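A.B. asks: I am attaching a structure below and will ask some questions about it afterwards.
Read the figures in this text as sums done on the coordinates, not as results from a lab. In this text, all values refer to a predicted model and were calculated from it rather than measured experimentally.
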Amino acid sequence: MSDVLNIKPAPGRIVRDPKTMKPLAEAGETKPRISYWTRRLADGDVVLVKDDVKAGESSPAEAPATVKKGAK
């Protein structure tokens, strides 16, 4: 588990950073994984920003599975 979250406000929401009181950027920001941000995520106030996968590369979930010898 990472110590940071890449998050952006959910559509139609304005979420302020508790330290700066500035609204979270619409494009998303990296924030520390603290209870404030994990609660905002659980409540649906923010959503995770997925990292872009470069063209031609597969993500770990898309990698082909290995088959053990003798398995049917």
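A.B. asks: Please give the length that would be gained between Val4 and Asp43 if that part of the chain were fully extended, namely 0.36 nm times their separation in residues minus their C-alpha to C-alpha distance (nm, one decimal).
C.D. replies: Net length gain for the segment: 12.2 nm.
A.B. asks: For Leu24, enumerate residues with amide H under 5 Å from its amide H, sequence gap 5+ or separate chain, H modeled in the peptide plane.
C.D. replies: Amide H neighbours of Leu24, under 5 Å, 5+ apart: Val15, Arg16, Asp17.
A.B. asks: Let me ask something else. Given H placed 1.01 Å from N in the peptide plane, which residues other than close sequence neighbours of Arg33 have an amide H under 5 Å from its amide H?
C.D. replies: Close amide H contacts, sequence-distant or interchain: Val4, Leu5.
A.B. asks: Work out from phi, with θ = phi - 60° and the Karplus expression 6.51 cos²θ - 1.76 cosθ + 1.60, the ³J(HN,Hα) of each residue of the range 32-49, listed in order in whole Hz, and give x for Gly and Pro.
C.D. replies: Computed from phi, the couplings for the range 32-49 are x, 7, 10, 4, 4, 6, 5, 5, 4, 5, 5, 7, x, 6, 10, 10, 6, 9 Hz.
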